[in-house]
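Worksheet: the structure to be examined is printed underneath.
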Protein chains: 2
Amino acid sequence: MTITTAGTIDVSSYVRDLGIRARRVSRELAAASTAAKNAALARTAELIDANRSDIVKANRVDLEAGRQKNLTPALLDRLELTEARIDAMAEGLRQIVALPDPVGEIDALRQRPSGIRVGRMRVPIGVIAIIYESRPNVTADAAALCLKSGNAVILRGGSEAIHSNLAVAECIAGGLATAGLPADAVQVIDTTDRNAVGALVKMSDYVDVIVPRGGKGLIERISAEATVPVIKHLDGICHVYVDEHADPDKAVTVAFNAKARRYGICGAMETLLVAEPVAGRVLGELAPKYREAGIELRGCERTRALLPDIAVASEEDWRTEYLAPILSIRVVDGLDAAIDHIAIYGSGHTDAIVTESVSNANAFLARVDSSSVMVNASTQFADGFEYGLGAEIGISTNKLHVRGPVGLEGLTTQKYVVFGDGTIRP
Amino acid sequence: MTITTAGTIDVSSYVRDLGIRARRVSRELAAASTAAKNAALARTAELIDANRSDIVKANRVDLEAGRQKNLTPALLDRLELTEARIDAMAEGLRQIVALPDPVGEIDALRQRPSGIRVGRMRVPIGVIAIIYESRPNVTADAAALCLKSGNAVILRGGSEAIHSNLAVAECIAGGLATAGLPADAVQVIDTTDRNAVGALVKMSDYVDVIVPRGGKGLIERISAEATVPVIKHLDGICHVYVDEHADPDKAVTVAFNAKARRYGICGAMETLLVAEPVAGRVLGELAPKYREAGIELRGCERTRALLPDIAVASEEDWRTEYLAPILSIRVVDGLDAAIDHIAIYGSGHTDAIVTESVSNANAFLARVDSSSVMVNASTQFADGFEYGLGAEIGISTNKLHVRGPVGLEGLTTQKYVVFGDGTIRP
């Protein structure tokens, strides 16, 4: 890792220089052995362990500055690197060491009538820029996922975490050096100048993809400005549809978990759709459970006919990702109405049906256009670890390239490989 | 298919209306059965056969207008729909009927410790816009590939082919009607107003991806303006590198075919790189063959030491996609120098090595970052039919989503599917 002091030169030349360096080493990284990449990550984990007092000290500087800037307690909490979080950071790196290396994998070589054999090889994307907020552990996670998948990475953390991020970056630099990998494989932007982001997202010659990690404001700002492709995560307005053929017990279990397990994550259900024939029984059981969990209910007129004491859900409610203990409920005629509601108000993130009907399950799977579509399972499962990706850099609501949780494979692409023996095309 | 006359309303509302219609039917198409899609395509092929005199008549109107506008003979040739080309158009549709439907395929369902099963289902992208020039057969090909892959499509052909395109579109409309598929599945922009393209490429609410098919000028103009993702094909500056461990006979065979079979296609070799130790022998055999085929040679100083009567290759030559009977030749020290040359001057399209060395072949495969990388095979193989895709809508030089020849699979994406049995996340 190269930490250049940006103070003396203008920000766009500085960022451009990082891009040139990243592009320069990207070919070397693409051909780096799994052993070298793993050695770098394992050594980084050791250094994070060994240098924890320095990391904590740097983090205290950020925390103190944050308090002076009156950051909210929630932000200060996200910023803090406790001993447990430092352990988790090192452990996360070791888990990435244990994951299979996707680079170089060839899916299948088909023999063609011309005599050539054709397949697709998984290869790194090239140069990835990660733009993130507050949590300093992202510095280690994101660098590790990019490195393991053979990409050069440029990291731009939040200004409030700059000292913590640079302390973690020192450990990564040590890991790279041990493994004989180029220092520029992982570069951290060390200026807090906001123009650095503006320059970064337009450098399509040097950056292949941008992954923003943070709130909706950050992601919208970056998407609006970027000329480089963005793997983005927008809203998670997730639905559970309880079909008329649902098993009521499964419906209650899934619908409760989808909201109440954790309401602040993107896979949390925001709207519950219930088929009219089963609405009385299912909502009758669910309503007291939600209330007991402190969840405010808002409903359509048909819902309020069953639960008269709840508030009216407005048009705005159907379009809202609450990320809060609030749930909107709509009673619908059946499958078609539910799918229509999701098409109009959903965000293409994660939607589930609860049903015992095979044909309704299949129709829901075929017709709901979301990054994850579930049958009889809680939307809270929308997560890279739960899906077996090992680790995730985020969840994509894009349609192209990668949808849903993004693991190592999402940070790679495929190229065709063709083998002949002096073979020519007639 | 809906053919709306745009004359009376402003172009951007007209195009927006097409987008709204396409988006509206895209869900129905995504769930359409393979049988229905095939029936529509088969009937379209029949109608193209049956209505060939109408198609030829419409084509004559375009040809006459083209002659009056002094189109070049090459353009008039591309525009012409001969009987043989009409046969080929119908046959192309029947071939797409015979291809497997990628939609709905689930790659593998893995059982997770939580009890859920997780896999990825192949699904249509949604709404695709194809912008193309002159060749009216693209109307049938592109519509068929988009329909078979379950996408709604908006077609914008060249103004010089408008009558031919609309005549083909009538046949597609008949095919859709027979199969009971929505008319708006395939819409042809019937205005020749150039602002239609500007509006189309910015409609990210209604169009998911743009596929331009045509010259570099068209593609660059669209890429510069588009806010919708573009599957683009830029330069094909393809290289063959003859390694010092090459079998000289294979080298001569491959390097000759890569240029001389057809020099006007994107997979044609533009620069030949030869390792110094074998340059004398290989170029000594190749030069007279190229000359006999009417191919002009331009070389670096080391090449000219071997072939003194050829012109000097300038810096500009290394960066040029000739698409003409011209070849630039460079003698290099070996593998590393060849890979460096390709990284600097190549366009990431198709590059080949000729070698008997397994380790040099592997290094070339790992380190050359192109959409197709070949060993001992001619770059002319870079083609969807040759790769076994059945048909292609173009060749992508993008890194994300799809690289190389784009067939039905490239017009789809994947979403996660999750199956539980009332399963909740702990």
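The values are calculated or read from the model by the stated rules, or taken from the named source; none is laboratory data. All figures in this text were calculated on a predicted structure; none of them were measured in a lab. Note that each Cβ is placed from the backbone with ideal geometry, even for glycine, and that neighbours are counted across all protein chains shown.
Take the conditions (1) surrounded by 23 or more Cβ atoms within 10 Å (Cβ to Cβ); (2) closer than 15 Å to B:Ile265 by Cβ; (3) not charged (D, E, K, R); B:Ala324 misses just one of them, which is (1).
Test of understanding: among B:Ile344, B:Ile329, which residue is in a helix (DSSP H, G or I) and either under 27 Å from the mean Cα position of the chain (by Cα) or in contact (Cβ under 8 Å) with a residue 12 or more places away in the chain (or both)?
Result of the check over B:Ile344, B:Ile329: B:Ile344.
Among the numbered criteria (1) within 13 Å of chain B (Cβ to nearest Cβ); (2) of a type outside the set (A, V, I, L, M); (3) surrounded by fewer than 18 Cβ atoms within 10 Å (Cβ to Cβ), which single criterion is violated by A:Cys238? The failed condition is (3). Any residue at all in segment A:170-187 that is at pLDDT below 95 and either over 19 Å from the mean Cα position of the chain (by Cα) or within 14 Å of another protein chain (Cβ to nearest Cβ) (or both)? No.
Of the helices (runs of 4 or more DSSP H) lying entirely inside segment B:8-94, those containing at least 3 residues that are β-branched (Val, Ile, Thr) and either farther than 24 Å from B:Val197 by Cβ or not assigned by TED's automatic domain parsing to the domain that holds B:Val168 (or both) span B:34-50.
State yes or no: is B:Ala226 of a type in the set (Gly, Ala, Ser) and either closer than 20 Å to B:Gly410 by Cβ or touching a strand residue (DSSP E or B) at 6+ places or on another chain (Cβ under 8 Å) (or both)? Talk me through it step by step, then tell me what you get.
Numbers: of a type in the set (Gly, Ala, Ser): yes; either closer than 20 Å to B:Gly410 by Cβ or touching a strand residue (DSSP E or B) at 6+ places or on another chain (Cβ under 8 Å) (or both): yes.
The answer is yes for B:Ala226.
If you scan segment B:287-307, which residues turn out to be surrounded by 18 or more Cβ atoms within 10 Å (Cβ to Cβ) and farther than 18 Å from B:Asp333 by Cα? Within segment B:287-307, B:Ala287, B:Tyr290, B:Ile295, B:Leu297, B:Arg298 meet the criteria. Residues that are of a type outside the set (A, V, I, L, M, F, W, C), buried (at least 18 other Cβ atoms within 10 Å of the Cβ) and over 30 Å from B:Gly150 (Cβ atoms) within segment B:79-96 comprise just one, B:Glu80. The set of residues in segment A:206-227 being modelled with pLDDT of 90 or more and part of a loop (DSSP other than H, G, I, E, B) consists of A:Tyr206, A:Val207, A:Asp208. Being assigned by TED's automatic domain parsing to the domain that holds A:Ala152 and modelled with pLDDT of 90 or more is a property that A:Val242 lacks. Scanning segment B:1-19 for residues that are in contact with a strand residue (DSSP E or B) (Cβ under 7 Å, 6 or more places away or on another chain) and modelled with pLDDT under 50 gives B:Met1, B:Thr2, B:Ile3. The residue list A:Leu71, A:Leu47, A:Leu63 contains one member that is at pLDDT below 95, under 27 Å from the mean Cα position of the chain (by Cα) and aliphatic (A, V, I, L, M), which is A:Leu71.
Residues A:Ala140, A:Ala98: which one is over 17 Å from the mean Cα position of the chain (by Cα) and among the small types (Gly, Ala, Ser)? Don't jump to the end; show me each part of the working.
Numbers: A:Ala140 fails: over 17 Å from the mean Cα position of the chain (by Cα).
Checking each option against the conditions leaves just A:Ala98.
Taken over segment A:241-276, the criterion of being more than 9 Å from chain B (Cβ to nearest Cβ) and of a type in the set (Gly, Ala, Ser) is satisfied by A:Ala246, A:Ala255, A:Ala260, A:Gly264, A:Ala268, A:Ala275.
Quick one: which of B:Ser396, B:Ser371, B:Ser314, B:Ser378 is within 30 Å of B:Leu145 (Cα to Cα) and free of Cβ contacts under 8 Å to residues at least 40 places away in the same chain? If you could, list the steps in order and put the result at the bottom.
Values: B:Ser396 fails: free of Cβ contacts under 8 Å to residues at least 40 places away in the same chain; B:Ser314 fails: within 30 Å of B:Leu145 (Cα to Cα); B:Ser378 fails: free of Cβ contacts under 8 Å to residues at least 40 places away in the same chain.
Exactly one of B:Ser396, B:Ser371, B:Ser314, B:Ser378 is within 30 Å of B:Leu145 (Cα to Cα) and free of Cβ contacts under 8 Å to residues at least 40 places away in the same chain, namely B:Ser371.
Scanning segment A:350-406 for residues that are charged (D, E, K, R), surrounded by fewer than 24 Cβ atoms within 10 Å (Cβ to Cβ) and more than 9 Å from chain B (Cβ to nearest Cβ) yields A:Glu356, A:Glu392. Annotation: B:Tyr322 fulfils all but one of (1) assigned to a loop (DSSP other than H, G, I, E, B); (2) on the phi > 0 side of the Ramachandran plot; (3) of a type outside the set (D, E, K, R); the unmet one is (2). Please verify whether B:Ser357 is more than 16 Å from A:Val118 (Cβ to Cβ) and touching a residue at least 12 places away in the same chain (Cβ under 8 Å), treating the condition exactly as stated. Judged against the criteria, B:Ser357 is a match. Taking residues in segment A:202-225 that are without any contact (Cβ under 8 Å) to a residue 24 or more places away in the chain, and partners anywhere that are in a helix (DSSP H, G or I), not one pair has Cβ atoms closer than 7 Å while being at least 6 places apart or on different chains. The single condition among (1) part of a loop (DSSP other than H, G, I, E, B); (2) within 14 Å of another protein chain (Cβ to nearest Cβ) that B:Val282 does not meet is (1).
Check whether at least one residue in segment B:206-216 is in the same structural domain as B:Ser26 (by TED's automatic domain parsing), under 18 Å from the mean Cα position of the chain (by Cα) and closer than 24 Å to B:Gln68 by Cβ, and report yes or no. So that I can check it myself, show each step before the final result.
Filtering segment B:206-216 down to residues in the same structural domain as B:Ser26 (by TED's automatic domain parsing) leaves B:206-216.
From the residues that got through so far, the ones that are under 18 Å from the mean Cα position of the chain (by Cα) too are B:208-216.
Of the ones still in play, those that are also closer than 24 Å to B:Gln68 by Cβ are B:214-215.
The answer is yes; a qualifying residue exists.
For segment B:109-157, name all the residues that are more than 25 Å from A:Ser370 (Cβ to Cβ), in contact (Cβ under 8 Å) with a residue 60 or more places away in the chain and part of a strand (DSSP E or B). The answer is B:Ile130, B:Ile131, B:Tyr132.
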